[in-house]
Amino acid sequence: MRHYGFLPRPIPRTPGAFLPNGAGAKTGLNRAISDAGWGVFLTILADKAESAGREVIAVDPRNTSRKCPECGHTSAENRPTQAKFHCVPCGHTAHADTVGATNVLRAGLVRREAPPA
Ligand SMILES: [Zn+2]
């Protein structure tokens with residue numbers, strides 16, 4: 001099975017009102033995906049992306065929150081808390097969500113530029 005990495009984004013509840021970005025939104029998204037099924041979700045996602053002039057690229061999310069975007073060191077020890085990233089060998093610090101988003105973006109760009117298998 002192919003894996004997809006998704007970042008929690010605010011979900012519009014009513015026009016102009018948004019839930020806070022975070023685990024609750026991600027849980028809601030995961031529930032919506034499991035209710036509708038991956039095929040339906042990916043079809044809707046691809047349509048939305050195309051209409052926004054964007055591209056959907058599936059990436060392997062493993063270790064995207066544990067890999068240092070500065071030096072590449074990958075370890076669970078780089079995550080002292082859920083929100084904090086602190087690379088043990090090089091000392092790079094950032095919000096863990098920023099690190100995860102950076103690594104997911106890079107993985108997607110690598111896949112986009114790779115020749116078809
Ligand atoms: Zn590092």
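Counted by Cβ distance under 12 Å from Cys87, the other residues give a net charge of +2, where Lys and Arg count +1 and Asp and Glu count -1. Sparse packing (at most 12 other Cβ atoms within 10 Å of the Cβ) combined with a DSSP loop state is found for the following GluC sites (Glu not before Pro) in region 31-75: Glu55.
Any idea of the accessible area per residue across region 57-117, 1.4 Å probe, to the nearest Å²? Heavy-atom accessible area per residue stands at 66 Å². Across region 57-117, C-alpha contacts under 8 Å between residues 6 or more apart give a mean separation that, scaled by the residue count, equals a relative contact order of 35 percent.
Computed extension length for Arg111-Arg54: 19.0 nm, one decimal, from 0.36 nm per residue of separation with the Cα-Cα distance subtracted. Rounded to the nearest angstrom and listed largest first, the equivalent-ellipsoid semi-axes of region 29-117 from its Cα gyration tensor are 29, 17, 11. Placing pseudo-labels 7 Å out from each Cα toward the beta carbon at Asn63 and Lys26 gives an inter-label distance of 1.9 nm. Going by accessible surface with a 1.4 Å probe and the largest first, His92, His86 read His86, His92.
The values are calculated or read from the model by the stated rules, or taken from the named source; none is laboratory data. Not measured: the values here are computed from a predicted model. Because the Cβ atoms are built from the backbone with ideal geometry, glycine has one as well, and the counts that use them run over all protein chains shown. When the accessible area is computed, the model is the full protein with side chains, heavy atoms only, and any ligands, DNA or RNA have been set aside. Shrake-Rupley method; radii C 1.70, N 1.55, O 1.52, S 1.80 Å.
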